[in-house]
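Worksheet: one structure, shown below.
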Amino acid sequence: MSLQHQDHASSTDQRHGERPDGHRADDIDPFFVFDYVPLDGPDDRPPDGPRGADTPDGGPTFTTYWDVEKGCRGPEPLPDWVITDSGALDTELGILKTGKEADVFLLERTAPDGTGVVMAAKRYRDLDHRSFRRSSDYTEGRTVRRSRDQRALARKSEWGRSVAAGQWAVAEWDALCRYWTAGLPVPYPVQLDGTEILMELISYDDAPAPRLAQVRPGAGLLEEYFVQVRTAISVMAAEGVAHGDLSAYNILAAGERLVIIDLPQIVDLIANPNGPELLMRDCRNVCSWFQARGLDADPHELFEEVKPV
């Protein structure tokens, strides 16, 4: 809230007139009289609209970091670059990429002292605006927390469709928090706000990191990349899950480091009967990319190595 003292020298009518509350203006110490000018805050943003949509020029809005529920903020310890100041401003910079179920935007969060960080804002589309049609293969075996939501999903009501759309964001959020804490190479999850996940922007050479499919590593780096991918698949399988859609298109190459992205379709290898098949597909997809670049990568050997016993 911005407070601005009134110029009482030019407000003769107010000093000598009667106020609406019955008090005379000259009965009040001028020091305690002020005008106020409300500033737009995060609550003014339309719930389903992009950030900045409420401002005339699509400008910055206040951070929503402390507005979301406790479980919707990233795990401890927070990386040093995360800005949590409630006075920080979020400014949308443009779209980074589009996908089958969500779009990713670039968003800059700037603290009052001028410190800023650019992050990735992944926003899930509702079911009527998605091109991903095999969701049941991944969601089988999943449950929701509230029985009301579970019934709505079963009836496929309008509320159920909304719940289903939110499930994908929640599933990816949970996976990011779980695997970042476990030390897997995934982006740090900053916050979950509705169907938007704000996360670390993986960059290299001051630009968003390319997908693995876009790079041409030498023989030595190719082998190191395969070790990283094999380790990541193995750790996830030991946790009882598979990525479900792993390929060179959802792995980022940040120099010598690989980072796995796009985790909403995480599959429970026990509860989901499609689990083993999807784990095998992950192995097949990544091995085919490495094979095409001259590395001896057998998907069946990888599957036998990583599958839970």
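At 0.36 nm per residue, minus the direct Cα-Cα distance, what do Ala207 and Ala111 gain on full extension? Give it in nm, one decimal, please.
Result for the pair: 32.4 nm of gain on full extension.
Sorted by accessible area with a 1.4 angstrom probe, largest first, how do Cys283, Cys72 fall?
Largest to smallest exposure gives the sequence Cys72, Cys283.
Ignoring ligands, DNA and RNA, how do His300, His243 rank by accessible area with a 1.4 Å probe, largest first? Intermediate values should be presented prior to the final figure.
Numbers: His300 120, His243 0 Å².
So, going from the largest accessible area down, we get His300, His243.
Give me the dipole magnitude in Debye, nearest 20, for the range 201-308 about the Cα centre, with unit charges on the beta carbon: positive for Lys and Arg, negative for Asp and Glu.
I would put it at about 200 debye.
Give a residue-ordered list of calculated ³J(HN,Hα) values for the range 248-255 (Karplus: 6.51 cos²θ - 1.76 cosθ + 1.60, θ = phi - 60°; whole Hz; x for Gly, Pro).
Ordered by residue, 3J(HN,Hα) equals 5, 8, 10, 10, 9, 10, 9, x Hz.
Hey, can you find the accessible area per residue of the range 203-254 for me, probe 1.4 Å, expressed in square angstrom? Can you show the working numbers first?
Working: 2340 Å² over 52 residues.
About 45 Å² of surface per residue is accessible.
The values are calculated or read from the model by the stated rules, or taken from the named source; none is laboratory data. Since the model is a prediction, treat every value here as computed from it, not as a measurement. In this analysis, Cβ positions are derived from the backbone assuming ideal geometry, glycine residues included, and neighbour counts consider all displayed protein chains. The protein model used for the area step is the full one, side chains on, heavy atoms only, and it has no ligands, DNA or RNA in it. Shrake-Rupley method; radii C 1.70, N 1.55, O 1.52, S 1.80 Å.
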